[in-house]
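As structure tokens, the structure follows; a few thoughts come after it.
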Amino acid sequence: MAFLQGEQVKLDRDTYFSVIVCDIQAAFPSASRVGIRKAIAGAVPKMLPIFDFKYHGRQTDMMLGKNGVLIVTQMTSGIIQGDELSMLFFGLYTGTILKELDGEEADGFLAKTSSKYADDMCQAATFDLNAKIFEQLRQRLEQDGMKFSLAKCCLYMPFADLETVKMYATQIGIGYIEPDQGITITGMPVSLSPAWVQDNNWFP
């Protein structure tokens, strides 16, 4: 369980400390195949033939709907979520975007302060810096035809008062988590409240 306490709380007890949780809308089917292919070429080029074979043109995906009805969909862009290699391909792709924004000037800041799993990302920093990073990510994703699902993005500021959290969340157009609650990052509950952590702990 993750419970902010002791020296960590003393270090981070800053009214402006924030975590922004991001969700990419329809991430897998809207991802850039050109961008994914470029990311694979840079990281695991031996997998390019597999990607090209699977995603060279139109893909047909079949699934069982309600009452056992077979649903058939076709895709000409992005990748199929749930496909055997889609998590790897998408992870390489978004990782490349973060590295691009995390160049020499940033000195690896994003790599040290962000967490990413599938189409969910979160970033921890002071609010002003977080808001800047959020906007840079938003613009970069839009270059590839993707966008954040603002209804699912939220701001968490555990050391601020509720009115401050509301004000800052409104500034960047996302929702918020009340300071006495918490957030879950890659399955790990994080909060100042041990009771909240206990109630939201998925692990035995």
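The values are calculated or read from the model by the stated rules, or taken from the named source; none is laboratory data. Fair warning: this is a prediction, and the values are worked out from it, not measured in the lab. Glycine gets a Cβ as well: all are built from the backbone with ideal geometry, and neighbour counts include every protein chain shown.
One residue is enough: does the range 124-131 have a residue meeting the conditions of a type in the set (Asp, Glu) and under 18 Å from LEU98 (Cβ atoms)? No; the residues of the range 124-131 include none that is of a type in the set (Asp, Glu) and under 18 Å from LEU98 (Cβ atoms). For the range 151-159, the criterion of a residue being without any contact (Cβ under 8 Å) to a residue 60 or more places away in the chain and buried (at least 20 other Cβ atoms within 10 Å of the Cβ) is satisfied by no position.
Of all residues in the range 45-61, those satisfying the criterion of being surrounded by 10 or more Cβ atoms within 10 Å (Cβ to Cβ) and farther than 18 Å from GLY91 by Cα are GLN59, ASP61. Here GLY182 passes the criteria (1) buried (at least 20 other Cβ atoms within 10 Å of the Cβ); (2) within 13 Å of the chain's Cα centre (by Cα); (3) closer than 13 Å to VAL19 by Cα except the one numbered (2). Considering each residue of the range 80-93 in turn, none proves to be of a type in the set (Ser, Thr, Tyr), in contact with a Leu (Cβ under 7 Å, 6 or more places away or on another chain) and at pLDDT 90 or above.
The number of residues in the range 109-129 being of a type outside the set (D, E, K, R) and modelled with pLDDT of 85 or more comes to 8.
Residue-by-condition table, conditions (1) modelled with pLDDT under 90; (2) at negative phi; (3) in contact with a Gly (Cβ under 7 Å, 6 or more places away or on another chain):
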{"site": "ALA131", "(1), (2), (3)": "no, yes, no"}
{"site": "ALA160", "(1), (2), (3)": "no, yes, no"}
{"site": "VAL165", "(1), (2), (3)": "no, yes, no"}
{"site": "GLY173", "(1), (2), (3)": "no, no, no"}
{"site": "LEU192", "(1), (2), (3)": "yes, yes, no"}
{"site": "PHE203", "(1), (2), (3)": "yes, yes, no"}
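At least 1 residues being in contact with a helix residue (DSSP H, G or I) (Cβ under 8 Å, 6 or more places away or on another chain), of a type in the set (D, E, K, R) and in contact (Cβ under 8 Å) with a residue 40 or more places away in the chain is the threshold, and among the helices (runs of 4 or more DSSP H) wholly inside the range 16-81 those reaching it are 33-43.
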